[in-house]
Amino acid sequence: MMKWVLMLFLGNVFVSQAATVNTSLYILRDSIHFDNGTALPYTTFNANNTFNATNARIVVNQGDQLDLWVVNFDSDPHEFRIQGETTTVTIPVGDSVQVLYDCNTPGVYIFHDPMNFPDNASAGLSGMLVVKNTSHAGFYWNVKEHQVGYNDSVFAGTSPNWMTYYPEHFTINGRSNPNINNDPDARVVGNVGDTIYIYIANTGQSVHSMHLHGYHATVTYYSKDASKVGWSKDSMPIYPSETMILELVPDIPGEYPVHDHNLIGTTGGSLYPQGMFTTLLIAP
């Protein structure tokens, strides 16, 4: 297998005693399934060579160096880019690339396939790189919506008409309600007084506004508009290809809904409640 090497550097800050995080991503194609029986062809970055509709997530600490191999097990060539970088590499079928990335700036960064953007990224190939500067509990939401027929067009080599885009299915980490509650990385569970961080990436093509019942959360990072950092809200709109970090310190116990405030996002194939709908479970 031919190996290509690409070195990517974020910023020019030198960090001593940084750890090297060695990991791999595998590009695989299969299907994403919804509760109404719909299945769409889907391609994802996986943590191993077994397909999973939840894109792999990479979590590192500030100052780490990421030593990443991206392996293409799909039948089509793909590209790879980390959000904020201008360099793109092509990964031929059955080939791999090595990416070295200095993680000096905390935040959430989308890694994706920019080929024919947004086609391949919307059809699955878009995940989260989280650079943390805290040891507090963290939960991760990769939010995305899907329209029947669009993925078929992408895999047939025809770009869909994004001007008529009207999605019918909505997911967090590749899952819809009620299955989101089975994802320990997505369903927020904690105790009163805990400091909890929620890392969010919108890898779809629609605006989503995540609404928390019972609590306000503080925006600590927002890729679209840094002036919003410090705002305390219960609804936070996140735009396509943008990322956000929320800090939540629950003050009362209970189980409270959290959902897309655009209420069509709480449906799936006309079924309710589906889509981007889960709960926050806070113990005393």
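The values are calculated or read from the model by the stated rules, or taken from the named source; none is laboratory data. No experiment lies behind these values; they were computed from the predicted model shown. Don't worry about glycine lacking a Cβ; one is built from the backbone with ideal geometry, like all the others, and counts go over all protein chains shown.
The set of residues in segment 95-122 that are of a type outside the set (D, E, K, R), within 18 Å of the chain's Cα centre (by Cα) and under 17 Å from Arg57 (Cα atoms) comprises Cys103, Pro106, Gly107, Val108, Tyr109, Ile110, Phe111, His112, Ala121, Ser122.
Any idea which of Ala156, Ala201, Ala217 is surrounded by 19 or more Cβ atoms within 10 Å (Cβ to Cβ) and more than 16 Å from the chain's Cα centre (by Cα)? Going through Ala156, Ala201, Ala217 in turn, the sole match is Ala217.
Looking across segment 176-190 at every residue that is touching a Ser or Thr at 6+ places or on another chain (Cβ under 7 Å) and not in a loop (DSSP other than H, G, I, E, B), the one that is nearest to Met276 (Cα to Cα) is identified as Ile180.
All of Ser176, Ser241, Ser235 fail the test of being among the polar types (S, T, N, Q) and surrounded by fewer than 19 Cβ atoms within 10 Å (Cβ to Cβ), apart from Ser235. Applying the criterion of being more than 17 Å from the chain's Cα centre (by Cα) and in a strand (DSSP E or B) to the residues of segment 29-51, the residue that is surrounded by the most Cβ atoms within 10 Å (Cβ to Cβ) is Leu40. Within segment 171-183, the set of residues being more than 14 Å from Thr267 (Cα to Cα) and more than 15 Å from the chain's Cα centre (by Cα) comprises Asn181, Asn182. If you go through segment 94-117 one residue at a time, do you hit one that is among the polar types (S, T, N, Q) and on the phi > 0 side of the Ramachandran plot? Scanning segment 94-117 turns up at least one residue that is among the polar types (S, T, N, Q) and on the phi > 0 side of the Ramachandran plot. Identify all residues within segment 1-28 that are surrounded by 16 or more Cβ atoms within 10 Å (Cβ to Cβ) and at pLDDT 90 or above; write none if there are none. Residues satisfying the conditions are Val21, Ser24, Leu25, Tyr26, Ile27, Leu28. Quick one: is Thr54 under 30 Å from Ile264 (Cβ atoms), of a type in the set (Val, Ile, Thr) and in a loop (DSSP other than H, G, I, E, B)? Criteria met by Thr54.
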